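The values are calculated or read from the model by the stated rules, or taken from the named source; none is laboratory data. Just so we're clear, the structure is a prediction, and the values are computed from it rather than from any experiment. Quick reminder, even Gly has a Cβ in these numbers, built from the backbone with ideal geometry, and neighbours come from all protein chains shown. Remember, those area values only see protein heavy atoms, side chains included, never the ligands or the DNA or RNA. Shrake-Rupley method; radii C 1.70, N 1.55, O 1.52, S 1.80 Å.
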Amino acid sequence: LEDCLKDITTIANGMGYPERGIALKKTLEMRMDRVRETVAFATSFDIGQNSSLSQESTASVTAKPRVALLEWCDPIMGCGYWLPELVKLAGGEAMHCPPPGGATPTISFQSLIESKPDVVVFALCGFNLKRAAREIVNSWGMHKLEKLMNDGVSGGRKRVFVVDGNYLVNRSGPRLIESAEALAEAIHPALLGHFGHFGTDLMSTMDDILRMMKIGQESESYKIRLKSFEEKSDADQNNSKEKLLLPSTKPQEAVSMQLEYLQNGNLVNAFAVNSKANQMRWCSPDRFAAVLKSHGDFCRLLSEPAKIGEIKETSGRIATVRVILDEQGDLPLVELLWTMVAEVPDRDNKMVWRTEKVGPAH
């Protein structure tokens, strides 16, 4: 993976723009750090929710999920080269892989079933979601695929994913960081949808793709390739912000405020309700807005009223708030989970609640 990043500066140097290569490499390394931080938080949050577990059970919660990332289906190929490092970056343990940098191995279907991975991710080289699913069905047959999904994955059939191997994973370029984000969503249920990949034309469950193929439906939303954003001066940022008052006592009040900002189109203030770490992950209000608009469920928060549901405080500084979008015509009922953290802003010593992440409620 480090060699892939070094190639960026090598190419930039060869083209006569070394400073651009250095800047891009630094940006990608920062995004890699954010993936690590997000995964670490998701893992620590799982432990916090299960504080009554025994030592043995806690060890099982903290164990890294075992991931079968598959580059091809006939013959079945595991993952090699930089891919095992991507899985590790995303907080998983890669299975059916060689030592770092080694070539992709071939495995049997029986070996895959018997290894019982926690998560399976198909990333067929050069194929989008539907073409990948069609190739797997044609090569294996539905009986074999159902056997894997029902009996061969310890996490259950909902933990069998397909990603666009043409756009993600298989190319050793800047998109490897997006690939790590997508893998983090697949590996950790609490992060599903967090980076804006799940539910788009880049990543879905095998069940959802098969359903869409059956009824001839396209992907429910498309991942937007974000444009370069112009740098704004501090004065411009201050002029675009209203005075932001963050609640200090109840997490649900912060969620209600953020929902109100979203529905009113005030995405700058909605972004400001995010925690410091979450703001760093998003990079800017513009990127935050673009991801919201590209996601099938999150985009509904911009136009539909949402209701606050169950609220749980797992500790003095972490809470979850369930948010409900009612069924609207052809749109199904959706339940989302806001994970909130208590922070003390730099400007004073008053504790406030802020949004650490949002994902599907399970």
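With every protein chain left in place and a probe of 1.4 Å, what is the accessible surface of PHE41, to the nearest 10 Å²?
40 Å²
Need one number: nm distance between label points at ARG211 and MET280, each 7 Å from Cα along Cα→Cβ, rounded to one decimal.
With each label point 7 Å from Cα toward Cβ, the separation is 3.7 nm.
At a Förster radius of 45 Å, what calculated FRET efficiency corresponds to the Cβ-Cβ distance of ASP74 and GLU37, to the nearest 0.05?
0.75
Can you tell me how much longer the chain between SER115 and GLU260 gets when fully stretched, taken as 0.36 nm per residue apart minus their C-alpha distance, in nm with one decimal?
47.5 nm
Quick one: which of LYS250/LYS276; LYS144/LYS357; LYS6/LYS293; LYS214/LYS307; LYS88/LYS357 span more than 28 angstrom between C-alpha atoms?
From LYS250/LYS276; LYS144/LYS357; LYS6/LYS293; LYS214/LYS307; LYS88/LYS357, over 28 Å: LYS144/LYS357; LYS6/LYS293; LYS214/LYS307.
Compute the convex hull volume of the Cα atoms of the stretch 105-173, divide it by the residue count, and report the result per residue in Å³ as a whole number.
Taking only Cα atoms, the stretch 105-173 has a hull volume of 95 Å³ per residue.
What is the distance, in nm, between label points placed 7 Å from the Cα along the Cα-to-Cβ direction at HIS143 and at ASP7?
Here the modelled spin labels are 4.2 nm apart.
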